[in-house]
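Data first, discussion second: the structure below is written as structure tokens.
The values are calculated or read from the model by the stated rules, or taken from the named source; none is laboratory data. No experiment lies behind these values; they were computed from the predicted model shown. Cβ coordinates were reconstructed from backbone atoms using ideal geometry, including for glycine residues, and neighbour counts include every protein chain displayed.
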Amino acid sequence: MSSDKDERLEAEASAGAGTGAGAPGADEDMVPTAPRETALRLWRVAGRQRWRIVVAAACAVLYVVFSLASATFSAVVVDFVWEEAQRAFAAGSLYVVDYAHGGRLILQYFGLWTLAWGFYAVQSFVMASFAERLNLELRRRIADKLARLPLAYFDRHQPGDTISYATNDLDKISEVMQRGLLQLIIAACMLVGALVCMARRSVVLTLMFCGFAAASALATWAFGAQTNKAVGRRQALLGELTSEVEESYSGRTEVQAFGLEGRSLAAVSEKAERLARAGARADFVANAIGPCIRFVMRLCMVTIGVTAGGMLLAGQMTVGVFQAFFQYVMQGSEPLTQFSVSYNMLQGALAAAERVFGFLDEPEVEPDPARPATLARPVRGRVCFEHVRFGYDADHPLMHDVSFVAEPGEKVAIVGETGAGKTTLVNLLMRFYEIDGGRITLDGVDTRRLTRADLRREFGMVLQDAWLFEGTIAENIAYGCPGATREEVEAAARAAHVDFFVRTLPHGYDTVLENDASAVSQGQRQLLTIARAMLADPAILILDEATSSVDTRTEQAIVRAMEAIMENRTSFVIAHRLSTIVDADLILVMDHGNIIEKGTHEELLAAGGAYAALYQSQFA
Ligand SMILES: Nc1ncnc2c1ncn2[C@@H]1O[C@H](COP(=O)(O)OP(=O)(O)OP(=O)(O)O)[C@@H](O)[C@H]1O
């Protein structure tokens, strides 16, 4: 039997301790809704690796056969030695082992054990490699899927969920493949085999064993259910505590600004206390299962020992069979604990596989056309929206009929209240979302006839929430042009007015940005992304104007950099302050997803509509 600690860990594992922090509750995570279909699908995913599972299963069965055979054979060895010793004692001589015969028997006995463990080792090895390959295949499919998912998927799902499919869930499947699945086969074969071997020796003793085994199985199930509940609760509370800590951590500035440290600490302490109580209960239930089952099985041993001892003395059983029977009892009782652990693990893994398959079945972006159109070179940058209709979800249309033309080299400003649809317009231009009606053209070509990669290559984006990755400043600037030389990178940085700042850093362009580039201010981040766009030299630009948290000098640098980059390119500017767009060739005023006014600054002011009101409100 396994140790206390192992049993506790296994009981917890079986109860879903690995569901990950934040799991709403272990129960729903642990139960697959369509286990048979999921298992069949996993079997299909296994593809050419399936032979491994067949070999491993055959080895598992052979392990059971040879384990039971060696126990049976031990009766022959013990009886031989016992009879020889009896004979020697009766003759009054000293007992000497007959190596010719006894030694051979002992060797055969060890041979059987060696074979049994040999098969066990082979099945473990084969299953481990099967599990890893299956995991690799699933991981590859998840990675491919991520590249084909529409942005709408990411709007609807938490990043943590998706990450959890590729980590926690795959780990669970792998663990079961390595341990749970074959343990279940071994446990079933071992139980049946041990019962058959026992019944051949004594039906009465076998029935006794069955009685105790039933009691032990019952106890396992009862404790298993309790453990499931207790561990599930602990997981849920752990999730709550983690969220509370995350919230306090990310909002630490606000917490301190409002002087609410005490309240935040009290909330965390309260959750921690509840977690400690739930943890103590989960530990107690999980710890109790081992001793309880061991107690039942010890009682079983004693009862069988006394009865079998009586049979031995009455000459109904030999010494060899007596000891072999105890080996069968040991071999038969082990699977009882294994069963519930392996069964729960299997359930958990199938539930995890269902989540992975659910993710793999998510609708994908419309594929690119088989024979895509190409843009005439050089790209002029004429963008045309023709009666475009769009809604983030089919039941709630946002844009009803949007039309406008951006001529090559023009500066188009998009203005409107927050939520008016400015970002949405850009999203449609880049084909991050597909339109529901009308068409968008670039140099006269419908953007749906181009591949997404070809289309997006013509655009450069400078967003307010500038994205920098962990790497050097030079690598960050060269993100869109991996082959750019250091001179080109520096020239782009100079044009974006960020070269001076970079040179003040200890390692200049080789400074590594770490921890989400927190050492770089928001304005500097935006300048770096302008440099990135400069280097990529796209035909069309999309600029999201910085609003707040930028000092006046940086702001001026950004305005100058933006003016420089917009020169001779079609550019779309999402404008927050109207002072920066008075010179725009076209201003689109948006409201509730639609364009309600368009024209130049003077035209719109003269019209005295929404734009004029907005302008007055900013400069009144
Ligand atoms: N991914 C999305 N899924 C569903 N609805 C969205 C999504 N993005 C935006 N919306 C909704 O579409 C409308 C337009 O949003 P959009 O972000 O385009 O406005 P905006 O003018 O760019 O706003 P802001 O100036 O605040 O950035 C809003 O009602 C918004 O709630």
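Scan the range 344-387 for residues that are among the β-branched types (V, I, T), over 23 Å from L182 (Cα atoms) and surrounded by 21 or more Cβ atoms within 10 Å (Cβ to Cβ) and report the count.
1
Just checking, how many residues over the range 297-318 are surrounded by fewer than 20 Cβ atoms within 10 Å (Cβ to Cβ), touching a residue at least 60 places away in the same chain (Cβ under 8 Å) and either more than 23 Å from F73 (Cα to Cα) or within 40 Å of the chain's Cα centre (by Cα) (or both)?
Final tally of qualifying residues: 2.
Output the number of the condition that T162 fails; it satisfies all remaining conditions of (1) farther than 23 Å from I53 by Cβ; (2) surrounded by fewer than 16 Cβ atoms within 10 Å (Cβ to Cβ); (3) touching a residue at least 40 places away in the same chain (Cβ under 8 Å); (4) not acidic (D, E).
Here T162 meets the rest and fails (2).
When the residues of the range 435-450 are narrowed to those that are surrounded by fewer than 16 Cβ atoms within 10 Å (Cβ to Cβ) and assigned to a loop (DSSP other than H, G, I, E, B), which ends up farthest from the ligand (Cβ to nearest atom)?
Among them, the one singled out is G444.
If a residue has to be over 17 Å from V383 (Cβ atoms) and either at pLDDT 90 or above or outside the structural domain of E555 (by TED's automatic domain parsing) (or both) to count, how many in the range 573-591 make the cut?
The qualifying residues number 2.
Consider the range 418-432. How many of its residues are surrounded by fewer than 19 Cβ atoms within 10 Å (Cβ to Cβ) and near the ligand (Cβ under 8 Å from one of its atoms)?
Going through the range 418-432 one residue at a time, the tally reaches 4.
Report whether or not S67 is assigned to a helix (DSSP H, G or I) and among the hydroxyl-bearing types (S, T, Y).
So S67 fits the description; yes.
Is it true that R200 is touching a residue at least 12 places away in the same chain (Cβ under 8 Å) and away from the ligand (no atom under 16 Å from the Cβ)?
Details: touching a residue at least 12 places away in the same chain (Cβ under 8 Å): no; away from the ligand (no atom under 16 Å from the Cβ): yes.
No; evaluated as a whole, the condition is false for this residue.
V321 - would you say it is within 16 Å of the ligand (Cβ to nearest atom), touching a residue at least 24 places away in the same chain (Cβ under 8 Å) and not assigned by TED's automatic domain parsing to the domain that holds E434?
no
Could you tell me which numbered condition L182 fails, if it satisfies all but one of (1) more than 16 Å from the ligand (Cβ to nearest atom); (2) over 16 Å from E334 (Cα atoms)?
If we test L182 against (1) more than 16 Å from the ligand (Cβ to nearest atom); (2) over 16 Å from E334 (Cα atoms), just (2) comes out false.
Residue pairs, Cβ under 6 Å, 6 or more apart or interchain, first in the range 421-445 and farther than 19 Å from T570 by Cβ, second of a type outside the set (G, A, S) and near the ligand (Cβ under 8 Å from one of its atoms). List them.
G421/M590; Y433/N427
Go through A478, A466 for me and flag whichever is buried (at least 21 other Cβ atoms within 10 Å of the Cβ), in a loop (DSSP other than H, G, I, E, B) and in the same structural domain as S403 (by TED's automatic domain parsing).
A466
Only one residue in V412, V502, V489 is within 16 Å of the ligand (Cβ to nearest atom) and over 18 Å from H592 (Cα atoms). Which one?
Working: V502 fails: within 16 Å of the ligand (Cβ to nearest atom); V489 fails: within 16 Å of the ligand (Cβ to nearest atom).
Of the residues listed, the single one that is within 16 Å of the ligand (Cβ to nearest atom) and over 18 Å from H592 (Cα atoms) is V412.
If we scan the range 232-251, do we find a residue that is in contact with a Gly (Cβ under 9 Å, 6 or more places away or on another chain), closer than 20 Å to S342 by Cβ and of a type outside the set (D, E)? Please lay out each step first, then the result.
Filtering the range 232-251 for residues in contact with a Gly (Cβ under 9 Å, 6 or more places away or on another chain) gives 232-240, 242-243.
If we keep only those that are closer than 20 Å to S342 by Cβ as well, we get 232.
Then keep just the ones that are of a type outside the set (D, E); that gives 232.
Scanning the range 232-251, I find at least one residue that is in contact with a Gly (Cβ under 9 Å, 6 or more places away or on another chain), closer than 20 Å to S342 by Cβ and of a type outside the set (D, E), so the answer is yes.
Which one of A272, A349 is of a type in the set (A, V, I, L, M, F, W, C) and under 23 Å from I185 (Cα atoms)?
A349
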